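Undergrad: Have a look at this one before I ask anything.
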Amino acid sequence: MRRPIRPRLSYANVISSIALFVALGGTGYVVTQLPRNSVGNRQLKPNAVTSGKIRARAVQRSDLAPSARGGSRGPRGPAGPAGRLGPSETIQVKRPGVVGIPAGAGGSATIASLTLEPGAWLLDANTTVVYNPGVESSDYFECLLQTASGEILVKGIMRGGATAGSVFAANVPVRVGASFTVATQVNFLCRHEQPVSGTAPYADRTTFQATRVGSLEDR
């Protein structure tokens with residue numbers, strides 16, 4: 001019995017079969033789920049990842065390159081002018097009561113005192129001198145700031161007159177800037193040059209204030 005003859009597959013037959021399969025089935029296919037770690041730099045097109053495709057607050061500072069974590073430093077600007085040191089300390093003495101001034105010729109009284117540390121200070125003192133002359137007169141008083149060593153820093157003069165039996169009162173303010181190289185006691189005192197008739201004068205509602213400042217300039 002003669003065996004049946006089996007057809008032999010040739011290269012042409014295989015190629016034609018594949019072409020027929022592709023033509024009938026098409027070249028498309030659907031991927032329902034990408035494998036993990038299957039998308040990398042090669043699969044992303046340039047500028048494919050935009051701001052709208054990034055979840056808000058998903059990018060942390062550590063995700064950025066060091067050069068992108070802060071802006072570039074610009075050139076140093078010119079130095080500004082040196083500032084002035086403002087008041088840093090204020091010392092104040094208030095005397096609500098009265099301090100008598102001797103009625104004799106050249107009588108004087110220290111009304112308030114402050115001991116100040118080395119540095120520059122603005123000194124401001126004020127008092128009201130009151131007296132009853134007993135007779136019609138024209139007098140003047142001096143109120144001044146003076147160091148314990150006798151140096152007069154500033155002087156204020158009160159001039160006035162009164163009729164017999166009337167009471168005379170005048171405000172005497174004094175103000176000055178002073179610098180000290182050592183701790184210095186400054187006295188606020190009032191005095192008069194001639195005898196005062198009637199009742200003895202006195203200083204009332206006295207204030208003495210010292211404010212430390214950065215520097216003092218004469219202009």
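The values are calculated or read from the model by the stated rules, or taken from the named source; none is laboratory data. All of these numbers come straight from a predicted model, not from anything done at the bench. Positions of Cβ are backbone-derived with ideal geometry, glycine not excepted, and every protein chain shown enters the neighbour counts.
Undergrad: Quick check on the range 76-90. Is at least one of its residues β-branched (V, I, T), touching a Ser or Thr at 6+ places or on another chain (Cβ under 6 Å) and modelled with pLDDT of 70 or more?
TA: Yes, there is a match, as at least one residue in the range 76-90 is β-branched (V, I, T), touching a Ser or Thr at 6+ places or on another chain (Cβ under 6 Å) and modelled with pLDDT of 70 or more.
Undergrad: Taking V98 as meeting all but one of (1) assigned to a loop (DSSP other than H, G, I, E, B); (2) surrounded by 10 or more Cβ atoms within 10 Å (Cβ to Cβ); (3) at pLDDT 70 or above, write down the number of the exception.
TA: Every listed condition holds for V98 apart from (1).
Undergrad: While we're on this one: Pull out all pairs, ordered by first then second residue, where Cβ-Cβ is under 7 Å, the residues are six or more apart or on different chains, the first lies in the range 71-89 and is closer than 30 Å to L122 by Cα, and the second is in a loop (DSSP other than H, G, I, E, B) and modelled with pLDDT of 80 or more.
TA: R84/G214; L85/G214; G86/G214
Undergrad: I'd like the full set of residues that are over 20 Å from T128 (Cβ atoms), touching an Asp or Glu at 6+ places or on another chain (Cβ under 6 Å) and modelled with pLDDT of 90 or more, limited to the range 147-184.
TA: Listed by number, the list holds a single entry, A183.
Undergrad: Being surrounded by fewer than 17 Cβ atoms within 10 Å (Cβ to Cβ), assigned to a strand (DSSP E or B), at pLDDT 90 or above and touching a strand residue (DSSP E or B) at 6+ places or on another chain (Cβ under 9 Å) is the requirement here; does L122 meet it?
TA: It is true that L122 is surrounded by fewer than 17 Cβ atoms within 10 Å (Cβ to Cβ), assigned to a strand (DSSP E or B), at pLDDT 90 or above and touching a strand residue (DSSP E or B) at 6+ places or on another chain (Cβ under 9 Å).
Undergrad: State the number of residues belonging to the range 165-186 that are more than 31 Å from the chain's Cα centre (by Cα) and of a type in the set (S, T, N, Q).
TA: Qualifying residue count for the region: 3.
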